[in-house]
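Comments concern the structure below.
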Amino acid sequence: MNDSKKLLALHKPKGYIVTRSDEHGRKTVYDLLPDWAFNDGWMPIGRLDLESKGLLLFTQDGQIGNKLTKPGGCQKVYEIWVRGHVTDEHIAEAKKGVESKHGLLKALVVEKLGMGGAKTKLRIVIDEGKNRHIRRLFGAMKDPKFGTPLKVLELKRVSIGGFELDIESGKWRFLTVEEEQELL
């Protein structure tokens, strides 16, 4: 057994809320994990909203959680589909940053991966994660053709630090000791 005792990874599907319990009776990420994860106090490191999917790490160690969530602490990579035509100007603006009531929202890297109809697929790298950071960043920009706000239709976190998502949707696994050491 070369499993980390400190970190586990979950591939969160859409439709699950990142909380220990939900007063509205919605499915939580703990429904996808063994009972001991809830009972032994495994906590998510960061968040993914209800409509987002992808990599979510859990730990019992608050210091690890703080290290991986503090701004500048580690890079997170997302693949997103945006409704609207994302231009080079949008990409430059996303990297420069957009002021919002939540502070400056920006991305370190924005790479266009493709287009499909009136949608654009992007790869985004950030090193902090304010609430709904990427959705709000692109929502603050307008489609040049229609004048409507850009809208993130799909968001998937594909990596945290050097750890890349490699498990099926709805499944989990412990990180290996090597993967843990690389992250920490």
Completion exercise
Only one of (1) surrounded by fewer than 15 Cβ atoms within 10 Å (Cβ to Cβ); (2) at pLDDT below 95; (3) out of contact with any helix residue (DSSP H, G or I) (no Cβ under 7 Å at 6 or more places or on another chain) does not apply to K171, and that is (2)
Exercise for the section: Would you confirm whether any residue within the stretch 130-147 is within 24 Å of E168 (Cβ to Cβ) and surrounded by fewer than 20 Cβ atoms within 10 Å (Cβ to Cβ)? Expected result: no
Fill in the blank from the handout: In the stretch 38-61, anything in contact (Cβ under 8 Å) with a residue 40 or more places away in the chain, of a type in the set (S, T, N, Q) and not in a strand (DSSP E or B) is listed as S52, Q60
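Would you mind stating whether I80 is outside any strand (DSSP E or B), surrounded by 16 or more Cβ atoms within 10 Å (Cβ to Cβ) and either touching a residue at least 24 places away in the same chain (Cβ under 8 Å) or in contact with a Phe, Trp or Tyr (Cβ under 8 Å, 6 or more places away or on another chain) (or both)? Before you say what the answer is, go through the steps one by one.
Values: outside any strand (DSSP E or B): no; surrounded by 16 or more Cβ atoms within 10 Å (Cβ to Cβ): yes; either touching a residue at least 24 places away in the same chain (Cβ under 8 Å) or in contact with a Phe, Trp or Tyr (Cβ under 8 Å, 6 or more places away or on another chain) (or both): yes.
No: the conditions fail for I80.
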Practice task
Among the numbered conditions (1) of a type outside the set (F, W, Y); (2) assigned by TED's automatic domain parsing to the domain that holds E154; (3) farther than 20 Å from R157 by Cα, tell me where A37 comes up short.
Solution key: (2)
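Identify all residues within the stretch 27-37 that are assigned to a loop (DSSP other than H, G, I, E, B) and either loosely packed, with under 13 Cβ neighbours inside 10 Å or of a type in the set (F, W, Y) (or both); write none if there are none.
Pass one, the stretch 27-37, residues assigned to a loop (DSSP other than H, G, I, E, B): 27, 33-34.
Matches in the stretch 27-37: P34 only.
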Practice task
Looking at (1) of a type in the set (K, R); (2) part of a strand (DSSP E or B); (3) free of Cβ contacts under 8 Å to residues at least 24 places away in the same chain, find the lone condition where K112 falls short.
Solution key: (3)
Practice task
Output the number of residues of the stretch 99-109 satisfying the condition of being surrounded by fewer than 17 Cβ atoms within 10 Å (Cβ to Cβ) and in a strand (DSSP E or B).
Solution key: 5
Problem - Some residue of the stretch 86-97 being modelled with pLDDT under 95, closer than 24 Å to F146 by Cβ and assigned to a strand (DSSP E or B) - result: no
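The values are calculated or read from the model by the stated rules, or taken from the named source; none is laboratory data. Predicted, not measured: the structure shown is a model, and the values here were computed from it. Don't worry about glycine lacking a Cβ; one is built from the backbone with ideal geometry, like all the others, and counts go over all protein chains shown.
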